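Asks: Submitted below is the structure of interest, expressed as structure tokens.
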Amino acid sequence: MTNVDFGTYAAWRAAARELLQPLAALMHPGEAGLAIAGPASANGANADRLESFARPMLLAAHYLQSAPEPRDEPHTGPDPAAFRVRLATWFREGLVAGTDPSGPHYWGPDANYHQLHVEIGLLTIALQIAPRDLWEPLTRPERDQVAAWIATIRGSGFVNNNHYFMAIHAYEFLGRHGYGRRTDRAIIDEYFSRLELMHRGNGWFEDGINQAFDYYNAYAFNFYGVWWARLHGSRDPARATRWREWSRQFLRDY
């Protein structure tokens, strides 16, 4: 916590908590998705359910790994300590339910060019950000089940854009926890090479075949790249430095 502006930090932490509170009202025990109102996507019901789970889980991971709120810090809503426990418990239980092929809440395996692997990638980032709350309490059989589901990403075809990051984070997660394969590292390096070819200067990226320069530069390329550098950059310091510098350039320019 060195050099942290605690006023700003507390404000960010409170904002994350307040974003999660209305979602918590939709977190029913034993389910692996949130009944968020709105039209269905074209990706299928399973992908929609997984998206309703994985996106809030990524926010929850950032919140769960943050420093606990001081007892004298003003807050709205439930007690923060109890809220953290509730969040972590629901996401862990949902993770097990959603990856059980014999259960009614199974998200299904990944497939070529499918939205499922986008959510798998986000979910593995969350597991790496807050392992103490989301991964480590799982039993060994539960971890094996979750890892087997994540591994369905192997062999899938990926759109030639920021989606390569999803495979990178999934393979890195599997390798870190003993579920890797010999060929995973070569795929990670290949996908990183393709992503880096999309760099157009000053931290800006052309998002693959659609030739778009849009908000995915901030939400995908720089966000996923910096998180990779934070979590796995010691394996390739030069690449980690490159992605960190691209993010600095993007922020200055944007």
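The values are calculated or read from the model by the stated rules, or taken from the named source; none is laboratory data. Quick caveat: nothing in here was measured; it's all calculated off a predicted structure. Here Cβ is always computed from backbone atoms with ideal geometry, including for glycine, and neighbour counts include all displayed protein chains. Only protein heavy atoms, including side chains, enter the accessible area calculation; ligands, DNA and RNA are left aside. Shrake-Rupley method; radii C 1.70, N 1.55, O 1.52, S 1.80 Å.
Quick grid of which residues meet (1) at pLDDT 95 or above; (2) among the aromatic types (Phe, Trp, Tyr); (3) open to solvent by 20 Å² or more (accessible area, probe 1.4 Å):
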residue	(1), (2), (3)
Ile168	yes, no, no
Gly178	yes, no, yes
Glu196	yes, no, yes
Trp228	yes, yes, no
Leu231	yes, no, yes
Glu245	yes, no, yes
Arg248	yes, no, yes
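Asks: Out of everything in region 72-109 that is at pLDDT below 95 and charged (D, E, K, R), what residue ends up being nearest to Glu31 (Cα to Cα)?
Replies: Asp79
Asks: Turning to a different aspect of this structure: Is at least one residue of region 18-41 under 17 Å from Val146 (Cβ atoms), part of a helix (DSSP H, G or I), open to solvent by less than 40 Å² (accessible area, probe 1.4 Å) and touching a residue at least 60 places away in the same chain (Cβ under 8 Å)? Reasoning before the result, please.
Replies: Of the residues in region 18-41, the ones under 17 Å from Val146 (Cβ atoms) are 30-33.
Filter again for part of a helix (DSSP H, G or I), leaving none.
Looking through region 18-41, none of the residues is under 17 Å from Val146 (Cβ atoms), part of a helix (DSSP H, G or I), open to solvent by less than 40 Å² (accessible area, probe 1.4 Å) and touching a residue at least 60 places away in the same chain (Cβ under 8 Å).
Asks: Name the pairs whose Cβ atoms lie under 9 Å apart, with the first residue in region 68-88 and free of Cβ contacts under 8 Å to residues at least 40 places away in the same chain and open to solvent by 60 Å² or more (accessible area, probe 1.4 Å), the second among the basic types (Lys, Arg) and assigned to a helix (DSSP H, G or I), and 6 or more positions between them or separate chains?
Replies: Partner pairs satisfying both residue conditions: Pro68/Arg84.
Asks: I need the full set of residues from region 139-164 which are of a type outside the set (Val, Ile, Thr), open to solvent by 10 Å² or more (accessible area, probe 1.4 Å) and part of a loop (DSSP other than H, G, I, E, B), in order please.
Replies: Once the filter is applied, which keeps residues that are of a type outside the set (Val, Ile, Thr), open to solvent by 10 Å² or more (accessible area, probe 1.4 Å) and part of a loop (DSSP other than H, G, I, E, B), region 139-164 yields Arg154, Gly155, Ser156, Gly157, Phe158, Asn160, Asn161, His163.
Asks: So, one more: On the basis of being in contact with a Leu (Cβ under 8 Å, 6 or more places away or on another chain), open to solvent by less than 10 Å² (accessible area, probe 1.4 Å) and touching a residue at least 12 places away in the same chain (Cβ under 8 Å), does Leu58 make the cut? Break it down stepwise before answering.
Replies: Values: in contact with a Leu (Cβ under 8 Å, 6 or more places away or on another chain): yes; open to solvent by less than 10 Å² (accessible area, probe 1.4 Å): no; touching a residue at least 12 places away in the same chain (Cβ under 8 Å): yes.
Considered against the rule, which asks whether it is in contact with a Leu (Cβ under 8 Å, 6 or more places away or on another chain), open to solvent by less than 10 Å² (accessible area, probe 1.4 Å) and touching a residue at least 12 places away in the same chain (Cβ under 8 Å), Leu58 comes out as no.
Asks: Quick one: which of Ala10, Ala47, Ala15 is assigned to a helix (DSSP H, G or I), among the aliphatic types (A, V, I, L, M) and crowded, with 20+ Cβ neighbours inside 10 Å? Walk me through it before giving the result.
Replies: Numbers: Ala10 fails: crowded, with 20+ Cβ neighbours inside 10 Å; Ala15 fails: crowded, with 20+ Cβ neighbours inside 10 Å.
Result of the check over Ala10, Ala47, Ala15: Ala47.
Asks: Is one or more of the residues making up region 110-128 small (Gly, Ala, Ser), crowded, with 22+ Cβ neighbours inside 10 Å and on the phi < 0 side of the Ramachandran plot? Steps first, answer last, please.
Replies: Taking region 110-128 as the starting set, the residues that turn out to be small (Gly, Ala, Ser) are 111, 121, 126.
Right, trim to crowded, with 22+ Cβ neighbours inside 10 Å and you get 121, 126.
Filter again for on the phi < 0 side of the Ramachandran plot, leaving 121, 126.
Checked region 110-128: at least one residue is small (Gly, Ala, Ser), crowded, with 22+ Cβ neighbours inside 10 Å and on the phi < 0 side of the Ramachandran plot.
Asks: Also, I was wondering about something else. Specify which of the listed residues (Gly175, Gly180, Gly208) is farther than 14 Å from His117 by Cβ, touching a residue at least 12 places away in the same chain (Cβ under 8 Å) and of a type in the set (Gly, Ala, Ser). Reasoning before the result, please.
Replies: Numbers: Gly175 fails: touching a residue at least 12 places away in the same chain (Cβ under 8 Å); Gly180 fails: touching a residue at least 12 places away in the same chain (Cβ under 8 Å).
None of the others qualify; the one that does is Gly208.
Asks: Any residue at all in region 74-97 that's over 21 Å from Pro22 (Cβ atoms) and part of a loop (DSSP other than H, G, I, E, B)?
Replies: No.
Asks: Might you check whether a residue that is of a type outside the set (D, E, K, R) and within 20 Å of the chain's Cα centre (by Cα) occurs anywhere in region 73-83?
Replies: No, region 73-83 contains no residue that is of a type outside the set (D, E, K, R) and within 20 Å of the chain's Cα centre (by Cα).
Asks: In region 212-221, how many residues are open to solvent by less than 60 Å² (accessible area, probe 1.4 Å) and farther than 20 Å from Leu123 by Cβ?
Replies: Residues of region 212-221 that are open to solvent by less than 60 Å² (accessible area, probe 1.4 Å), as a first pass: 212, 214, 217-218, 220-221.
Pick out the ones that are also farther than 20 Å from Leu123 by Cβ and you get 212, 214, 217-218.
Qualifying residue count, region 212-221: 4.
Asks: Also, I was wondering about something else. Need the failing condition index for Asp100 against (1) of a type in the set (Asp, Glu); (2) buried (at least 18 other Cβ atoms within 10 Å of the Cβ); (3) part of a loop (DSSP other than H, G, I, E, B), just the number.
Replies: Failing condition for Asp100: (2).
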